[in-house]
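Enquirer: Pasting in a structure now, in C-alpha cells, and then I'll have a few things to ask.
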Amino acid sequence: MKRPKPIQEFKKFVHKRKPSIKEVVREPTAGGVIFRRTKDGKSVEILLIQDAKNRWTIPKGHIEEGEKARQTAEREIGEETGLQEMKVLNWLGKINFQYRRQASLVLMTTEIYLVKALGDTDKLKPEDWMNGIKWFPAAEAVDIIAYEDISKLILLALKRIRLEKL
C-alpha cells in the first residue's frame, strides 16, 4: 500500500491561493425594503429584485459624493425598479459584509430604510442587468431572499408596518 504524501498536497494547496490583499476599499451603499398593501388592504407585499446571479435581494447601490444615505436609497430604488412615487419612512439598520475583488478587500456597508411604494406600484421597470423584479407576499419574501441579514431586516420592517399601522 502506497503512503500519501501530505507535503506535496499541502504545496498544491498553497500554490492555488489568491494573491495577497494589496488594499482595503470601503464602499458605502444604501437601499430599502419596499412595501405596499394588497388591493384589499389586508396583506403586505415586499418588492425584490433578482440580480445577475439569480439571487433575490432588495434594491440598493453606491452612495455618490455629496449624497446622504436616505437620498441614495430613494434614487437607487427609482433607478432599479422604475417606481416614481415612494416615501422613505424609517431607518431599519445597517449591514456589513466583505468580499475580494482581485487584490482588494472590499468592505461594504449598506444602510437600509423602510420605504412605502406609492402611486402605480405595478408599473415596474427593471434595469438591464437584472434577471427579475417582483412583488412577493411578505412571508415568501422572507423565505426567498438570498441574504440572511436582509431577511432579518425584512422581519423588522414587517413588525414596524404592523405596530405603526403603515
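The values are calculated or read from the model by the stated rules, or taken from the named source; none is laboratory data. Quick caveat, the model's predicted, so the values are computed rather than measured. Neighbour counts run over all protein chains shown; Cβ positions are idealised from the backbone, glycine included.
Enquirer: Is it fair to say ALA141 is of a type in the set (A, V, I, L, M) and within 16 Å of ILE77 (Cβ to Cβ)?
Expert: yes
Enquirer: I've got another one for you. Evaluate the range 19-27: report whether one residue or more is under 27 Å from SER104 (Cβ atoms), at pLDDT below 95, among the basic types (Lys, Arg) and part of a strand (DSSP E or B).
Expert: Yes: the range 19-27 contains one or more residues that are under 27 Å from SER104 (Cβ atoms), at pLDDT below 95, among the basic types (Lys, Arg) and part of a strand (DSSP E or B).
Enquirer: For the range 86-106, which positions are loosely packed, with under 14 Cβ neighbours inside 10 Å, under 16 Å from the mean Cα position of the chain (by Cα) and in contact (Cβ under 8 Å) with a residue 40 or more places away in the chain?
Expert: PHE97, the sole residue that qualifies.
Enquirer: Sticking with this structure for a sec: Here are some conditions: (1) closer than 28 Å to ALA139 by Cα; (2) touching a residue at least 24 places away in the same chain (Cβ under 8 Å); (3) among the basic types (Lys, Arg). LYS39 meets all but one. Which one does it not meet?
Expert: Here LYS39 meets the rest and fails (2).
Enquirer: On the given criteria, is GLU80 closer than 15 Å to ASP51 by Cβ, assigned to a helix (DSSP H, G or I) and of a type outside the set (S, T, N, Q)?
Expert: Yes, satisfied.
Enquirer: Hey, another quick one. Within the range 137-166, count every residue that is of a type in the set (Lys, Arg) and either under 13 Å from the mean Cα position of the chain (by Cα) or in a loop (DSSP other than H, G, I, E, B) (or both).
Expert: Of the residues in that region, 2 qualify.
Enquirer: Against the definition (out of contact with any His (no Cβ under 7 Å at 6 or more places or on another chain), farther than 23 Å from LYS152 by Cα and in a strand (DSSP E or B)), how does ARG75 come out, yes or no?
Expert: Answer is no for this residue.
Enquirer: Something else: When residues of the range 47-77 are filtered for being surrounded by 14 or more Cβ atoms within 10 Å (Cβ to Cβ), of a type outside the set (D, E, K, R) and more than 13 Å from the chain's Cα centre (by Cα), how many remain?
Expert: Qualifying residue count, the range 47-77: 4.
Enquirer: Hey, any hits in the range 35-43 for a residue that's over 14 Å from the mean Cα position of the chain (by Cα), among the charged types (D, E, K, R), in a loop (DSSP other than H, G, I, E, B) and modelled with pLDDT of 95 or more?
Expert: No - not one qualifying residue is present in the range 35-43.
Enquirer: Could you tell me whether any residue of the range 113-136 is assigned to a strand (DSSP E or B), farther than 24 Å from LYS68 by Cα and at pLDDT below 95?
Expert: Yes, the range 113-136 contains at least one residue that is assigned to a strand (DSSP E or B), farther than 24 Å from LYS68 by Cα and at pLDDT below 95.
Enquirer: Please give the number of the condition GLU67 fails out of (1) in a strand (DSSP E or B); (2) at pLDDT 95 or above.
Expert: Result: GLU67 fails condition (1) only.
Enquirer: Okay, moving on. Just one of (1) over 30 Å from GLU23 (Cβ atoms); (2) among the charged types (D, E, K, R); (3) touching a residue at least 60 places away in the same chain (Cβ under 8 Å) trips up GLU111, so point out which.
Expert: (1) is the only condition that GLU111 fails.
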